[in-house]
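Just below is one structure, and these are the notes that go with it.
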Amino acid sequence: MERVPMTPGGYKQLQEELDRLLKTERPQNIKDIATARAHGDLSENAEYQAAREKQSFLEGRIQELQDKLSRAQVIDPAKLKQNTVAFGATVSVFDVDTEEEKQFTLVGADEANAKNGKISVTSPVAKALMSKQVGDEVVIKAPAKTITYEILNISFE
């Protein structure tokens, strides 16, 4: 069984979604199916078909969340003390080509949000940064261009 790395915040977020699905959305969907079923002929009942499709989606998502949570390896970045880039690190880099400073936080795949600077540890950028130290230059070959970053700072918060 492959472990799924995630931060405590990411674990909490998945747990809250699972609780909402189990305690709110699933019971509401059961009521929707019963109401639609009461309308008669199920073969031509669009409400019933829509409620059944939603039920299928909900059950699939519930199983997916339960699986991820059962395989979760919660890693608290605040407890990590090291000087190389690893899961949970917030890395400040200098883009050599554009002369811009950027910041990335390496998180689990379910927590990734590029707009907020959170990138998956499985992304090409994160893989290139892993195990590097402050002052190292990292070359990332992207489909559009090659990017060169210099690592300015590594922190675990």
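Only the coordinates and a few stated rules stand behind these numbers; no lab work does. None of the values given here were measured: they were computed from a predicted structure. As a convention, Cβ positions derive from the backbone with ideal geometry for all residues, glycine included, and neighbour counts pool all protein chains shown.
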Charged-residue dipole, Cβ positions (Lys, Arg, Asp, Glu), the chain about Cα centre, Debye nearest 20: 440
Ordering of 29-38, 105-114 by burial proxy (mean other Cβ atoms within 10 Å per residue, highest first): 105-114, 29-38
Distance violations [Cα-Cα > 27 Å] among Lys68/Lys127; Lys12/Lys145; Lys81/Lys118; Lys79/Lys145: Lys12/Lys145; Lys79/Lys145
Relative contact order (percent, whole number), the chain, Cα cutoff 8 Å, 6+ residue spacing: 24
DSSP-loop trypsin sites (Lys or Arg not before Pro) across the stretch 63-136, with at most 13 other Cβ within 10 angstrom: Arg71, Lys81
For the chain, Kirkwood radius (reciprocal of mean inverse C-alpha pair distance, Å): 18.4
Hz values of 3J(HN,Hα) by residue in the stretch 128-133 - Karplus curve (6.51, -1.76, 1.60), Gly and Pro given as x: 5, 7, 3, 6, 8, 10
On Cα atoms only, tilt of 46-70 relative to the major axis of the chain in degrees: 40
Along each principal axis, Cα extent of the stretch 44-100, largest first, Å: 62, 34, 13
Angle between the chain longest axis and helix 8-20 axis [Cα atoms, degrees, rounded to 10]: 10
Unit charges on C-beta of K, R, D, E only; dipole of the stretch 4-74, Debye: 300
